[in-house]
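Down below is the structure, laid out as structure tokens.
The values are calculated or read from the model by the stated rules, or taken from the named source; none is laboratory data. As the structure is a prediction and not an experimental result, all values here were calculated from the model. Every residue, glycine as well, gets a Cβ built from its backbone with ideal geometry; the counts of neighbours run over all protein chains shown. We work out accessible area using only protein heavy atoms, side chains counted, and drop any ligands, DNA or RNA first. Shrake-Rupley method; radii C 1.70, N 1.55, O 1.52, S 1.80 Å.
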Amino acid sequence: QVQLVQSGAEVKKAGASVTVSCKASGYTFSSYGINWIRQAPGQGLESMGWTSPYNGDTNYAENFQGRLTLTTDTSTTTAYMELRSLRSDDTAIYFCARAGVVGPTRAFDIWGQGTMVTVSS
Amino acid sequence: DIQMTQSPSTLSASVGDLVTITCRASQNVDNWLAWYQQKPGKAPKLLIYKASGLQSGVPSRFSARGSGTEFTLTISGLQPDDFATYYCQHYKRYPLTFGGGTKVEVK
């Protein structure tokens, strides 16, 4: 079945980096984009950015410019989210979701299960 | 950036009730609007795409309408499984933004 499976929970120190993976299966990976969304404890949803496995295009939310890198590996149908210079307010659940391949053309119909990232000082 | 504002933030309702949630966009998003349902500890689930399109597998008691800047999600005959938090989200252009959420709780 169509699914996105994310890597496990992470605990990091402030100032460190974290990489979360998102393995896609059940569909043609390069025909859809991947959007990353995070949710701080008890809070709402925040879109972080988008990447296209088709052509490598990316778009980053302004809040994360310079700290966030989104990549994909078509050989393993896996998307990656790297967030650097972690702060305590980066503590959140990070989700990947299937999105449009050339931009914001579709709603997020498939979501990963989420990865908890805890940043300690 | 396009701001999305949902109301109410919390809604108390009983099984069988008709429930309506409103979402307003600060700029025209045409019909590039989605609705999601989220339960505690789970990923959001897509209910509605393109303002009124019912996602496959979603019960027909969920409906939505609107375009431009005003949108509504309606649950006709609330079921026990529907107690959750609902989010709207525009996908008109980047940056994509979500509403603050509406928690539907037991009255």
For the protein assembly as shown, take every pair of Cα atoms, bin their distances at 10 Å starting from 0, and report each bin as a whole percent. 8, 33, 36, 19, 4, 0
Mind checking the mean number of beta-carbon atoms from other chains within 10 Å of the Cβ atoms in B:85-92? 3
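Per residue, how much accessible area does the protein assembly as shown show when a 1.4 Å probe rolls over the protein heavy atoms, in square angstrom? Write down the numbers at each step before the final one.
Working: 10100 Å² over 228 residues.
Computed with neighbouring chains in place, this is 44 Å² per residue.
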Considering only DSSP beta bridges whose two residues both sit in chain A, what percent are antiparallel, to the nearest 5? 90
Checked against the positive end of the charge dipole of chain B (+1 on Cβ of Lys and Arg, -1 on Cβ of Asp and Glu, about the Cα centre), the farthest of B:Ser12, B:Leu78, B:Val29 is B:Val29
If one computes the Cα centroid of the stretch B:51-84 and of the stretch B:87-107, what distance in Å separates the two points? 13
Over chain A, what is the relative contact order in percent, taking alpha-carbon pairs closer than 8 angstrom and at least six residues apart? 36
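How many square angstrom of accessible surface are buried between B and A, both sides summed, with a 1.4 Å probe and rounding to 100? Mind showing how you got there, number by number?
Working: alone 5650 and 5990 Å², together 10100 Å².
Approximately 1600 Å², summed over both chains.
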Prolate/oblate/rounded label for the stretch B:1-42 (Cα gyration tensor, a/c 1.5): prolate
Modelling each spin label as a point 7 Å along the Cα-to-Cβ direction, I'd like the B:Lys39/B:Ser14 distance in nm, to one decimal. 2.4
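Using a probe of 1.4 angstrom, how much of the accessible area of chain B is carbon and sulfur, in percent? Don't skip to the answer; put the middle values down first.
Numbers: 2260 of 4880 Å².
The nonpolar share, carbon plus sulfur, comes to 46 percent.
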Most mobile of A:Thr28, A:Thr91, A:Thr72 per a Gaussian network model of chain A (Cα springs, under 10 Å)? A:Thr28
Given a Förster distance of 25 Å, report the FRET efficiency between B:Thr22 and A:Val102 from their Cβ-Cβ distance, rounded to the nearest 0.05. 0.20
What are the semi-axes of the equivalent ellipsoid of chain A, taken as the square roots of 5 times the eigenvalues of the Cα gyration tensor, listed largest first and rounded to whole Å? 23, 14, 13
In µm²/s, what is D for chain B at 4 °C and 1.567 mPa s, where D = kT/(6 pi eta Rh) by Stokes-Einstein and Rh is the Kirkwood radius from Cα pairs? 95
Which lysines does B:Lys39 reach when only Cα atoms under 21 Å apart count, and residues fewer than 8 places away in its own chain are ignored? B:Lys103, B:Lys107
Full extension between A:Ser121 and A:Glu10 adds, at 0.36 nm per residue less the Cα distance, a length in nm of 38.5 nm
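Please average, across the residues of A:106-117, the number of beta carbons from any other chain that are within 10 Å of each residue's own beta carbon, and give a whole number.
Values: counts 6, 16, 10, 6, 3, 7, 1, 3, 4, 0, 0, 0.
Average neighbour count from other chains, rounded to a whole number: 5.
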When Cβ neighbours within 10 Å are restricted to other protein chains, what is their mean count per residue of peptide A:93-104? 2
